[in-house]
Each structure stands twice: as C-alpha cells, then as structure tokens.
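Undergrad: Let me begin by handing over the structure; questions about it come next.
The values are calculated or read from the model by the stated rules, or taken from the named source; none is laboratory data. Being a predicted model, the structure only gives us computed values, none of them experimental. Cβ placement follows ideal geometry from the backbone for every residue including glycine, while neighbour counts extend to all protein chains displayed.
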C-alpha cells in the first residue's frame, strides 16, 4: 500500500513540476526585454500574459423525508465546494504563443466529486511555434487525442506533439505524437493503469484529398481485485477521404482499414481476450449534385476481437446503411433510410436488426416513421417495432405559438409466449413572450399523456409542465414545474404521483454572478410511503480578466502560419451548415438571409428565438433544430439542438454524443479546451442537472467560440447542444438558453 502511495505522489509531483516549470520558463526574463532591476524583471515577465478565468463558491443543503430508500439525495446536510478555472496565454509573436488552463476544486461535497479536499481536474500548457523550419504545437497535461473514430478518440493525461514539416509544398503534412494515460482524475493517477502511445501521419492534398497512417499502443497492468489481466494491444490503420466529381455529381469518399493485435478485456471472461488479432473496415460515400438530391451509403464491420481501448465503435458489429434525401421547396427536407446491423458478429447467436423508414421536416415540424425488425439466430429474440413520431409547429394565435407532438409505437413479439406492447403518446405546449415594465421573458405551459397497453401491465401517465423565464436588467429567474401521475390499473399495480420543481435566480454583473437554486421533488406511491427530497443552494461566481501588455513584435512578418489542427476536414455532404458562419453581433436578418441561401427558410419567430426545423448533421437521425437567439434584432448566439426520444437510453445518448463529437473533430480539429467529468450511472438525468456529469468541447474560432455540450436544465431534460457565441460560462454552469422543450 505504501509503495502505491509513493508512486502516486511521485507521478503527481512529476507532472505538476513539468507543467509549472514550463510555465515559469515561458514567463521567464529570457522571453522579455532587457531589464535593469529584479522588480522590473518580474513585472515585465508577467505583464505580457493574458490571464482570465472564474472562481465559483457554492454552498448547498440537501434534505429528505419519508422513505429514504427512494430519496433523490441520499446524503443530506450542508455541502460546499470552491471551483477555480484559470486560463493564461502569451503571444511572443503572431506565430509564437503560450497558453494554458488550470481547473480544480476544493471539495467538501460528494455531489461535486468523489474526492474530497483539493482536486486538480484539468491542467494544460500548450506551446505553438509557427516560425520554425518545422512548425510545431506541444501540449502538456490534459490533452485530447483524436486520430480516427476507430483508433483513438479520448482525453489523456500526458503529452502531445504536432509537427508540420515540408511547408513549401502544395500538400500539408502533419505528424502527431501522443503519450499519456486515460485517467479520470489527477488524484488517483497511475500511468500503468491505462497508458497510450500513438503516432499519426496526415497528408492533405487540395486536389487528391486527405490520407493518414495511424498507430496506437495501449497497456494496462493487471488488477487482482477486479479480476482483470494485464493488457497490451496495438492498432494500426490507414484512412483517407477524397472529393471527386463524376457525371455532375460531387462525391465524398471516406474509408479506413484497421488492424488490432494484442489483448482486450475479453468477450467470454478475461482469458478470451488474450493474444487476439482482428480487423476493422469502414467505407462511406456521400453525394450531391445540382439537383436537390443527396445520398449516402455506409458499410462498416468490426470483428469479435477488434476492441481498441480508446475507440468509439461497438465491437463484434457489422453495419450497412443507405440514405436518400430530397430538398423540397419552402425549406422542407425528405429523407429515406434503410439499415441492417448484425450484433454478436462472428460470435455465437448473432442478432440482425433491420431498420427502414422515412423522415420529413420543415417549418411546420417533423415526421419520422420507421420500422425495426430484430431477430437472433436462435429465434429467442424475434420482434418487430413500428414507430411514428410527429411534431407540429402551430403559428402564433393571439400571441401564443404552439407545438403538438405525438408518438405511436407497436411492438410485436413473435417468439413463443411473447407479448405485444402498444404505446400512444400525445403532447401539447405553447410559448408566449412576456413584457411588463422592464421585465421580459417567456412562459411555456404544456401537458403530455402516455398510455401503454400490455397484457398484464397497462399504464397511463399524465405529465403537466410549466416553464417560466424572466429577465430584468441584471436579474434573471427560471422556474420549472412538472407533475406526473402514473396509473397502473391492474392487480397489485402501484400508482405513483411525482412532483418536481426547480427555481434558479441569478444576479449578473460584468464581473460576478450571484445565484440561488432550489430543487424539490416528491414521490407518492399508492400503496406506499411518500418521499420528499430537496436541495437549497447558493453560489457566487467571480470572473477575472487581466489583459496582456502589448509588446513590440520583433519576429519576421513573413513567418509561416502556425500549425493547423489535423482534423479540420470540410465535409460538405455531411455538415449542411457551418454554424460558425452565424457570428454573434451580426444583424439577425443578415443571418436569416445567409440561411436562406442554404435552403433553410421560414423559421418560427418570437421576440427572442428564431427556430428552424432542419437537419444540420446528416449522419444524425435524431430530431435537430437550429435556433437563433437575438436581442434587439442582433444575433447573440446560434444553437443546434439534438433531441432524444422518450425511449432513448442514457447509453444511446452517450453513443450519439461521441458520434457528434467525432463529426465536429473532423471539421474543426482538436478542441481548444474540453471537460469530461462524471461516469454514467443510474442517476444520469439527475447528475446532468446537478452538474455532476459534464461533457463539453470548446473551439476558438474567428468571431466567437464554439461549444458542444450537454447543457443543464431545471426540468431534467437531456439533449445535445452545439452553440456559437462570444463567450460561455464554465461547462459545469452551462444552462440551456433555449428554455422551450
């Protein structure tokens, strides 16, 4: 035990020493002008740094009563933490920069972190040197390593070097070398637990496309307590994409062939994962033309033993799918799809899932109809599910804009003794802008009714909701109320009534945010004992910003540009709209005209939101909406919302998150900053709302910042959000600005 403790101390001390020695070297007088006195030397060293960030002090009180086994907050009492986010940067010249980030928390709350005391969460120092013969970017600490979706897509704690040689050629060459451990915290850091080394070479030719060679090595020590063996694996891959034109068609062709060799965790006990070899194959072709027709074909297969430790694929899977799209007048889009996926591929008892359907979306809403047929080889699984989802936008009537939603789902189990299940759901909500005096805002009442017919377990659920948002100067208030009554009209059925309320008040100044948050939940089963849970919280966020003192730039004006990120691939057939073209500060009507040129027209308008029912990411089948948030006809923020259905599980949501993340990584490159906090648990929706589960990626972009995240909502709704704005709060304080459902 002592040896492990000593190793932990040595590892942390080494990493912290490397980062802070690098920081002070960057700030040292070697980088400054000639100085006469020590005081001037130190002052000049730090004057050239831009330093900003925030500090959040939060105090919460948790309580419950009644049946504590059903309580939302099992640990009660007063809890607190203080969270610091520090960003610093320095420009020696236009092509010679330092930047870094330190994020940590002084924690006394189990709802904030599983560690107490001082918890370093993100440490990063990045050096960019673009005026060398071989431009480079070196990252130390927390780095995001992305080669391809099938080899490496993960945050690591270690080092990453990007070299871009051969600057005087038409092609761009890039070598990325990465080394680090995949660990959730610096507090429990062990390199040998999950250690990666990787190298990727990219050739980007404007005429012939992009091609890369990738190699990733991973090792992990054995853990007798968990019954896991030591692991050593190597993945090689060759990937490429190219845009070709043929017969008035523009085709984007993508492919990757990869090979796995070594150990994995096993598919039938840890022994089955030792010394294995397998391959992965991916191909996708996407096309468009002068016609309003788009099409996409995708095939991928990953063998039983193709299990890279940091890839985002499902092993033992073969998938083939085809998509056709047609852009109709007035902003409507029609799509058809067919897909066959084989699970347990190359294993005993494979299962085939066939999906076929169509989707229509546009200004009036969306319609999605599809069938799913799942059959296993042994016929113990044999069912077909038909689903129709509809969302209708109702134009304003007397100041109210309405939405009607419905779902029809029939599941037919064709196995011996199988039962059929029918689900019917209808919802209605209405939005209205509010103005009285200096106060403005919106109110959204709604109601949902869901009925499930099962031979032995029929249920009915009624869910009224109310969302209220008000703002006046520095004051803002959000309130959410949801009441649910679940009826089970059969013998021994338990009826359950629940009430959830959320209140969030914020007083915002140029430097500070002072807030109060109240959450209350009641669960009343019949028969059974009632449970009440509540959270009372207060927080203060202080933002600080020290600009850098301008220094003369003595570097050559003709210096080559700084290195570009490897993943900035343009994929016109897969990303219909670059959200960064909707720059904050532009006139709203200018943004509307820009979207009109893309065929995105006829938004649902109110004083704050312009909402387009449109598909932005072609590979994502979930409902998507583009929302422009304005203030006095000036664009403040552009948001792409990706909604999930009532039947989507948290595991499905995270898989979609990783797919969207990979699409954005391909288009915009590695993120400038990222946050990955918390693990998937049975309290997933509550963890997102409480800020215990946080996922966010930030990119610096001309004209603003781009963020992809899972925002918090008082109503506990989980959806994905891609946002472009001037700035963002810390990821853990990222509330959904699009308040409607």
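Undergrad: So for the stretch 87-94 (the condition being surrounded by fewer than 20 Cβ atoms within 10 Å (Cβ to Cβ), farther than 21 Å from residue 727 by Cα, at pLDDT 90 or above and in contact with a strand residue (DSSP E or B) (Cβ under 7 Å, 6 or more places away or on another chain)), does at least one residue qualify?
TA: Scanning the stretch 87-94 turns up no residue that is surrounded by fewer than 20 Cβ atoms within 10 Å (Cβ to Cβ), farther than 21 Å from residue 727 by Cα, at pLDDT 90 or above and in contact with a strand residue (DSSP E or B) (Cβ under 7 Å, 6 or more places away or on another chain).
Undergrad: Got a number for residues in the stretch 98-126 being farther than 21 Å from residue 158 by Cβ and assigned to a strand (DSSP E or B)? Before the answer, list the steps.
TA: If we filter the stretch 98-126 for residues that are farther than 21 Å from residue 158 by Cβ, which is where we start, we get 105-114, 116-118.
Next, from what is left, pick out any that are assigned to a strand (DSSP E or B): 105-107, 117-118.
Qualifying residue count for the region: 5.
Undergrad: Determine, yes or no, whether residue 182 is on the phi > 0 side of the Ramachandran plot, in contact (Cβ under 8 Å) with a residue 24 or more places away in the chain and in contact with a strand residue (DSSP E or B) (Cβ under 8 Å, 6 or more places away or on another chain).
TA: Numbers: on the phi > 0 side of the Ramachandran plot: no; in contact (Cβ under 8 Å) with a residue 24 or more places away in the chain: yes; in contact with a strand residue (DSSP E or B) (Cβ under 8 Å, 6 or more places away or on another chain): yes.
Against the criterion (on the phi > 0 side of the Ramachandran plot, in contact (Cβ under 8 Å) with a residue 24 or more places away in the chain and in contact with a strand residue (DSSP E or B) (Cβ under 8 Å, 6 or more places away or on another chain)), residue 182 does not qualify.
Undergrad: I've got another one for you. Under the condition of being free of Cβ contacts under 8 Å to residues at least 60 places away in the same chain, part of a loop (DSSP other than H, G, I, E, B) and farther than 30 Å from residue 325 by Cα, which residue from the stretch 266-293 is nearest to the chain's Cα centre (by Cα)?
TA: Out of the qualifying residues, it is 266.
Undergrad: Given 219, 200, which one is in contact (Cβ under 8 Å) with a residue 12 or more places away in the chain, in contact with a helix residue (DSSP H, G or I) (Cβ under 8 Å, 6 or more places away or on another chain) and either part of a strand (DSSP E or B) or surrounded by 15 or more Cβ atoms within 10 Å (Cβ to Cβ) (or both)? Talk me through it step by step, then tell me what you get.
TA: Values: 200 fails: in contact with a helix residue (DSSP H, G or I) (Cβ under 8 Å, 6 or more places away or on another chain).
Being in contact (Cβ under 8 Å) with a residue 12 or more places away in the chain, in contact with a helix residue (DSSP H, G or I) (Cβ under 8 Å, 6 or more places away or on another chain) and either part of a strand (DSSP E or B) or surrounded by 15 or more Cβ atoms within 10 Å (Cβ to Cβ) (or both) holds for just one of 219, 200, which is 219.
Undergrad: Let me ask another. Suppose we filter the stretch 566-586 for residues that are at pLDDT 85 or above, farther than 12 Å from residue 635 by Cβ and outside any loop (DSSP other than H, G, I, E, B); how many remain?
TA: Qualifying residue count, the stretch 566-586: 1.
Undergrad: Which residue, of 590, 661, 624, 633, is under 30 Å from residue 186 (Cβ atoms) and either surrounded by fewer than 16 Cβ atoms within 10 Å (Cβ to Cβ) or not assigned by TED's automatic domain parsing to the domain that holds residue 88 (or both)? Working first, answer last.
TA: Numbers: 590 fails: under 30 Å from residue 186 (Cβ atoms); 624 fails: under 30 Å from residue 186 (Cβ atoms); 633 fails: under 30 Å from residue 186 (Cβ atoms).
From the options 590, 661, 624, 633, the qualifying one is 661.
Undergrad: Let me ask something else. Tell me which residues, restricted to the stretch 636-648, are out of contact with any strand residue (DSSP E or B) (no Cβ under 6 Å at 6 or more places or on another chain) and at pLDDT 85 or above.
TA: 643, 644
Undergrad: For residue 322, are the conditions met, namely being in a strand (DSSP E or B) and surrounded by fewer than 17 Cβ atoms within 10 Å (Cβ to Cβ)?
TA: Numbers: in a strand (DSSP E or B): yes; surrounded by fewer than 17 Cβ atoms within 10 Å (Cβ to Cβ): yes.
When the stated conditions are applied, residue 322 passes them.
Undergrad: In the stretch 235-265, what residues are free of Cβ contacts under 8 Å to residues at least 40 places away in the same chain, buried (at least 17 other Cβ atoms within 10 Å of the Cβ) and part of a loop (DSSP other than H, G, I, E, B)?
TA: 263 - this is the single residue of the stretch 235-265 that is free of Cβ contacts under 8 Å to residues at least 40 places away in the same chain, buried (at least 17 other Cβ atoms within 10 Å of the Cβ) and part of a loop (DSSP other than H, G, I, E, B).
Undergrad: In addition: For the stretch 105-117, does any single residue satisfy the condition of being touching a residue at least 40 places away in the same chain (Cβ under 8 Å) and under 30 Å from residue 199 (Cβ atoms)?
TA: Within the stretch 105-117 (the criterion being touching a residue at least 40 places away in the same chain (Cβ under 8 Å) and under 30 Å from residue 199 (Cβ atoms)), the answer is no, since none of the residues qualifies.
Undergrad: Would you say residue 637 is part of a loop (DSSP other than H, G, I, E, B) and in contact (Cβ under 8 Å) with a residue 40 or more places away in the chain? Before you say what the answer is, go through the steps one by one.
TA: Values: part of a loop (DSSP other than H, G, I, E, B): no; in contact (Cβ under 8 Å) with a residue 40 or more places away in the chain: yes.
For residue 637, the condition - part of a loop (DSSP other than H, G, I, E, B) and in contact (Cβ under 8 Å) with a residue 40 or more places away in the chain - is not met.
Undergrad: Just checking, does the stretch 645-658 include any residue being within 26 Å of residue 584 (Cβ to Cβ), part of a helix (DSSP H, G or I) and in contact (Cβ under 8 Å) with a residue 40 or more places away in the chain?
TA: Looking only at the stretch 645-658, we keep the residues that are within 26 Å of residue 584 (Cβ to Cβ), and these are 657.
Checking the rest, the ones that are also part of a helix (DSSP H, G or I) come to 657.
With the extra rule that they be in contact (Cβ under 8 Å) with a residue 40 or more places away in the chain, the set shrinks to 657.
Yes - at least one qualifying residue is present in the stretch 645-658.
Undergrad: When residue 307 is evaluated against the numbered criteria (1) out of contact with any helix residue (DSSP H, G or I) (no Cβ under 8 Å at 6 or more places or on another chain); (2) within 28 Å of residue 152 (Cβ to Cβ); (3) buried (at least 20 other Cβ atoms within 10 Å of the Cβ), which criterion, by number, is the only one it fails?
TA: With respect to (1) out of contact with any helix residue (DSSP H, G or I) (no Cβ under 8 Å at 6 or more places or on another chain); (2) within 28 Å of residue 152 (Cβ to Cβ); (3) buried (at least 20 other Cβ atoms within 10 Å of the Cβ), residue 307 is out only on (1).
Undergrad: Counting only residues that are in contact (Cβ under 8 Å) with a residue 60 or more places away in the chain, in contact with a helix residue (DSSP H, G or I) (Cβ under 9 Å, 6 or more places away or on another chain) and outside any loop (DSSP other than H, G, I, E, B), how many does the stretch 671-696 have?
TA: 4
Undergrad: Any idea which residue in the stretch 700-735 is nearest to the chain's Cα centre (by Cα), counting only those that are in a strand (DSSP E or B) and over 18 Å from residue 641 (Cα atoms)?
TA: Restricting attention to the stretch 700-735, the residues satisfying the condition of being in a strand (DSSP E or B) are 700-701, 704-709, 712, 720-725, 735.
If we keep only those that are over 18 Å from residue 641 (Cα atoms) as well, we get 700-701, 704.
Working: 700: 16, 701: 18, 704: 19 Å.
Ranking the qualifying residues of the stretch 700-735, first place goes to 700.
Undergrad: Under 7 Å by Cβ, and 6 or more places apart or on different chains, what pairs join a residue from the stretch 594-613 that is without any contact (Cβ under 8 Å) to a residue 40 or more places away in the chain and at negative phi with one that is assigned to a helix (DSSP H, G or I) and surrounded by fewer than 17 Cβ atoms within 10 Å (Cβ to Cβ)?
TA: 594/581
Undergrad: Tell me, yes or no, whether the stretch 367-382 has at least one residue that is touching a residue at least 60 places away in the same chain (Cβ under 8 Å), surrounded by 15 or more Cβ atoms within 10 Å (Cβ to Cβ) and out of contact with any helix residue (DSSP H, G or I) (no Cβ under 9 Å at 6 or more places or on another chain). Give the derivation first.
TA: The first filter runs over the stretch 367-382 and keeps only residues touching a residue at least 60 places away in the same chain (Cβ under 8 Å), leaving 368.
Then drop every residue that is not surrounded by 15 or more Cβ atoms within 10 Å (Cβ to Cβ), which leaves 368.
Narrowing further to those that are out of contact with any helix residue (DSSP H, G or I) (no Cβ under 9 Å at 6 or more places or on another chain): 368.
Among the residues of the stretch 367-382, at least one is touching a residue at least 60 places away in the same chain (Cβ under 8 Å), surrounded by 15 or more Cβ atoms within 10 Å (Cβ to Cβ) and out of contact with any helix residue (DSSP H, G or I) (no Cβ under 9 Å at 6 or more places or on another chain), which makes the answer yes.
Undergrad: Right, another one. Residues of the stretch 71-86 being surrounded by fewer than 18 Cβ atoms within 10 Å (Cβ to Cβ) and not in a strand (DSSP E or B), which ones?
TA: Those that are surrounded by fewer than 18 Cβ atoms within 10 Å (Cβ to Cβ) and not in a strand (DSSP E or B): 74, 75, 76.
Undergrad: Then there's this: Step by step: first the residues of the stretch 436-465, then only those that are closer than 23 Å to residue 629 by Cα and free of Cβ contacts under 8 Å to residues at least 60 places away in the same chain, then the one that is surrounded by the fewest Cβ atoms within 10 Å (Cβ to Cβ). Which residue is that?
TA: Among them, the one singled out is 437.
Undergrad: Of the residues in the stretch 587-622, how many are more than 22 Å from residue 396 (Cα to Cα) and part of a loop (DSSP other than H, G, I, E, B)?
TA: 9
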